[in-house]
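**Q** Quick one: this structure, given as structure tokens, is what I'll be asking you about.
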Amino acid sequence: MAEEDNEDKTEGQEIINNVVEKLWQQKEEGTDKTYSFSTEEKVPDQRTEKVERKAEKQEVINEVMEKRNEKYQMLKEKDLNSNSLLTELMQQLPTIFVSGAKKCGTKTLIRFFGHHPQIIRGFMEAPFRSTGDQEKDMENYLSHLWIMWKSKGPYYDNPRKIRELRAANKDFFFMAKTANSGINKIITFIEENPDFIEADYVTDWKSKVKNIFIVCDPVHRLLSDFKHVTSVWTEKENAINRKFLGPDSSAFPFQKLTFDQMVAKYLPKVKDRSVFEKTPEVNEMFVTGHFGPPKRFFLGDDALIDSKNGIVLDGGKLKTEPWKVFQDLEKKLNLEPYFTEDLFEKREDGYYCTRIFNHTESLDCMPDSKGRTKLSAGQTAMSEETEKMLREFYKKSSEDLENTFDLKLSWNL
Ligand SMILES: Nc1ncnc2c1ncn2[C@@H]1O[C@H](COP(=O)(O)OS(=O)(=O)O)[C@@H](OP(=O)(O)O)[C@H]1O
């Protein structure tokens, strides 16, 4: 289960997060031992584990969605009819989806680009969860979005921003982070159920909705992903996904290996596809860097997003020249110019923060947990041999991406 950002907690989000946390705790304390740590003597059958893992995840998702739905209904009833804008926002889909490869800076993009005066930003992830009941899943997704659209934080006030933009007659976007698998389900659902959302915007929503897909150096991305799955359980005691990432995780069975050892062990298995059956999560970790979705989603006969609305964005540049990334996006989205270099300031660890005007907090920075791949003095990220093997593994797909989308990517091919 994806972690949600802890920034800017609103009442609604807090209640919902508490429900999720409680459910996970109950599961941990219960008798179900699917995830109990295996011992050397009793090695479980990995294929059975995979099925059990999937089944348990689904069971938890269903339970969480059920509880969330109750809370959403309660919150919605409170606001229903009391305020026409808040009621209207209950039906609002994103008009920009941000998706992309994990660890490529999606959260940074959402958070910083959300400062643009024409962007209404979802402040947490907006996963589309499937329980099997499509209408309910869509209701839940819309309710989750609603919590984001109506939120106010220490330096932003979405409803006020929307009212002001409307009064000034300006175009604006609702931006949320949802994975492409979810976007796929949402678009298909809206096509099949055109009357489900009763709002004018929905008639040409599909032809207008944008998708920013973030990519980055696949070798660095793999390292960052590795650091995440091998460290999050020690960093965050209450992390929702601690179970899947524990010291004897069966999903990522390399918690005690170095990055070099992990690559030496698993890259050959990824290449000959023998890893796929036993540990699909590890396979996914490697192949994410092949960046197939933009081609599938934006081009070809089965494209879901109109090619003029699909934007492939190099997340590596968010670390070095974020203002250029945002200026480029402003042009592509036809927004008024807002971002300049002086809006950004480097913090001590080298990552940029963005300036906020007229507030006690003058800078908006990503939480410290971002930047796991920073190294302390004397540390090397990976051996030259590992880097060479990985560059070779990713070379062709990166070249393909450059040629297909006419890009100049920031990493060495
Ligand atoms: N300004 C700023 N501050 C902090 N972090 C920044 C910034 N710009 C880009 N990045 C990079 O974003 C990487 C994390 O990407 P994601 O947010 O997509 O990760 S996640 O998949 O949602 O966990 C994160 O990767 P790691 O360094 O490996 O943690 C950062 O390199």
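**Q** Report the calculated FRET efficiency for residue 171 and residue 385 (r = Cβ-Cβ distance, R0 = 41 Å), to the nearest 0.05. Write down the numbers at each step before the final one.
**A** Working: r = 51 Å, r/R0 = 1.26.
Calculated value: 0.20.
**Q** Also, quick follow-up: What whole-number value in Å² describes the accessible area per residue of the stretch 291-359 for a 1.4 Å probe?
**A** 56
**Q** Continuing with this model, one more query. For residue 346 and residue 408 in one chain, what is 0.36 nm times their gap in residues minus the Cα-Cα distance, to one decimal in nm? Numbers along the way, then the final one.
**A** Details: separation 62, 0.36 × 62 = 22.32 nm, distance 2.47 nm.
Additional length available on full extension: 19.8 nm.
**Q** Can you check what the net charge comes to around residue 316, using other residues whose Cβ is under 12 Å from the Cβ of residue 316 (Lys, Arg +1; Asp, Glu -1)? Could you put the intermediate results ahead of the total?
**A** Working: positive: 103, 221, 317, 319, 324, 408; negative: 217, 314, 321.
Its environment carries a net charge of +3.
**Q** Here is a further query. Pop the C-beta distance of residue 256 and residue 200 into the FRET formula with R0 = 41 Å and round what comes out to the nearest 0.05.
**A** Numbers: r = 57 Å, r/R0 = 1.38.
So, using R0 = 41 Å, E works out to roughly 0.15.
**Q** Lys and Arg at +1, Asp and Glu at -1: add these up for the other residues within a Cβ distance under 11 Å of residue 206 and post the number.
**A** Cβ neighbours under 11 Å give a net charge of -2.
**Q** Next up: Please state the shape class of the stretch 194-344: rounded when a/c is under 1.5, otherwise prolate if a/b exceeds b/c and oblate if not, all from the C-alpha gyration tensor.
**A** In terms of gyration-tensor shape, prolate.
**Q** Here's something else I'd like to know. Going by average Cβ density within 10 Å per residue, which order do the peptides 151-158, 103-110 take, highest to lowest?
**A** 103-110, 151-158
The values are calculated or read from the model by the stated rules, or taken from the named source; none is laboratory data. Everything numeric in this text was worked out from a predicted model, so none of it was measured. Every residue, glycine as well, gets a Cβ built from its backbone with ideal geometry; the counts of neighbours run over all protein chains shown. Ligands, DNA and RNA are stripped out before the accessible areas are found, and what is left, the full protein with its side chains, is counted by its heavy atoms. Shrake-Rupley method; radii C 1.70, N 1.55, O 1.52, S 1.80 Å.
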